[in-house]
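Report on the following structure.
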Amino acid sequence: MSGTGGARPFVTLSWAQALDGSIAAAPGTRTAISGPESMAMTHRLRAAHDAILVGVGTVLADEPSLTVRFAEGSHPRPVVLDARLRTPPSARLFGPGDRRPIIVGSAGADRGAGGALEAAGARVLLIEPGPDGRPPLPAVLEALYEEGVRRLMVEGGASVLAAFLAEDLADELVVTVAPRILAGLNPFHPAPAGIDAARLACSLAGVGWERHGDDMVFRGRPRR
Ligand SMILES: NC(=O)c1ccc[n+]([C@@H]2O[C@H](COP(=O)([O-])OP(=O)(O)OC[C@H]3O[C@@H](n4cnc5c(N)ncnc54)[C@H](OP(=O)(O)O)[C@@H]3O)[C@@H](O)[C@H]2O)c1
């Protein structure tokens, strides 16, 4: 699969939202949105991917472990988009086992922070940043492919979901919609800083939907 010419993993963008599109009750807070049945579906989806990617904002807000707990299957490798290497070496995603999380930072990031993350067991990939100071996503995907990642699940948060969608780097969306209104953080409206709102609008092709408990899960391929 080709992004800027190099091979890249298949990318599944997956998140849970309320009826109003909120993915958290407020920016930077962790909010349980999915019911147990759709949570189990998400964990089966995790097990079907080689790696799960989140932004450092989610690591700092949610302390996720990014493991497969509510389904059978092995834990995918955690990946954190983290230009300035702010991921704490004590973060929960370092356990369990020897998953060796991948922290993707920008070339020029603090060497001490990189060393501390490596000492904690991470693989630190430093990539030449784009004009926004962050590793460009096509280069991130090529680097992950070289690490052996063929199927990547992108779980959030708001800025990272919007960035993948805006750059046409999502091959499939799997969106859990829970029957509640949060009036909180919406990943697409207003568009996160630096993202052109016009690049976010799309519809889905090959749509499927399923009921899991009280939640609905939509799947499809983004289409402009
Ligand atoms: N409901 C759900 O399914 C779900 C799932 C996950 C998270 N969430 C929620 O989402 C919220 C966190 O979202 P968030 O937007 O604050 O954080 P985020 O998207 O997890 O992380 C954003 C950070 O990632 C780094 N980054 C590196 N490269 C990037 C790139 N190309 N594009 C965008 N970001 C890049 C940036 O920090 P640097 O510039 O320092 O690298 C940026 O500030 C939390 O409230 C969390 O609970 C919800």
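Every read-out reported here was derived from the displayed coordinates using simple, explicitly stated rules and does not represent laboratory data. Only a predicted model underlies this, so the values are computations on that prediction, with no experimental measurement involved. Glycine also receives a Cβ, built like all others from the backbone with ideal geometry; neighbour counts cover every protein chain displayed.
Values computed for the structure shown
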{"read-out": "Dipole of the chain, positive end: most advanced residue of Thr12, Gly95, Ala166 [Cβ charges, Cα centre]", "value": "Gly95"}
{"read-out": "For His49, His212, order by how many other beta-carbon atoms lie within 10 Å, fewest first", "value": "His212, His49"}
{"read-out": "Average projection area in nm² (convex hull over Cα atoms of segment 54-99, one quarter of hull surface)", "value": "3.3"}
{"read-out": "At 0.890 mPa s and 25 °C, Stokes diffusion of segment 143-201 via Kirkwood alpha-carbon radius, µm² per second", "value": "188"}
{"read-out": "Cβ-based net charge around Ile33, under 15 Å, with every Lys or Arg adding one and every Asp or Glu removing one", "value": "-4"}
{"read-out": "Choice from Gly213, Gly57, Gly194 showing the highest fluctuation, given a GNM over the chain with Cα pairs closer than 10 Å", "value": "Gly194"}
{"read-out": "Of Leu182, Leu53, Leu85, the one that fluctuates the most in a GNM where the chain has Cα springs shorter than 10 Å", "value": "Leu182"}
{"read-out": "Along principal axes, Cα extents of the chain, largest first, whole Å", "value": "46, 37, 33"}
{"read-out": "Per-selection Rg to Rh, segment 126-224 - Cα, Kirkwood hydrodynamic radius", "value": "0.99"}
{"read-out": "Fraction of antiparallel bridges per DSSP, segment 1-133 only, in percent to nearest 5", "value": "5"}
{"read-out": "Antiparallel content of DSSP bridges confined to the chain, in %, to 5", "value": "35"}
{"read-out": "Separation of alpha-carbon centers, segment 156-224 and segment 92-121, rounded to whole Å", "value": "28"}
{"read-out": "Among 22-33, 110-121, the order from most to least packed when residues are scored by Cβ within 10 Å on average", "value": "22-33, 110-121"}
{"read-out": "Square roots of five times the Cα gyration tensor eigenvalues for segment 1-124, Å", "value": "24, 18, 16"}
{"read-out": "Debye, to nearest 20: dipole size of the chain, +1 on Lys, Arg Cβ, -1 on Asp, Glu Cβ", "value": "140"}
{"read-out": "Exposure proxy ranking, count of Cβ atoms within 10 Å, fewest first, for Met41, Met153, Met216", "value": "Met216, Met41, Met153"}
{"read-out": "Order of Asp196, Asp215, Asp62, Asp98 - criterion: other Cβ atoms within 10 Å of each residue's Cβ, fewest first", "value": "Asp98, Asp196, Asp62, Asp215"}
{"read-out": "Relative contact order computed over the chain (Cα-Cα under 8 Å; 6+ residues apart), in percent", "value": "29"}
{"read-out": "Overall dimensions of segment 115-182 as given by Cα atoms, namely Rg and Dmax in Å", "value": "14.9, 44"}
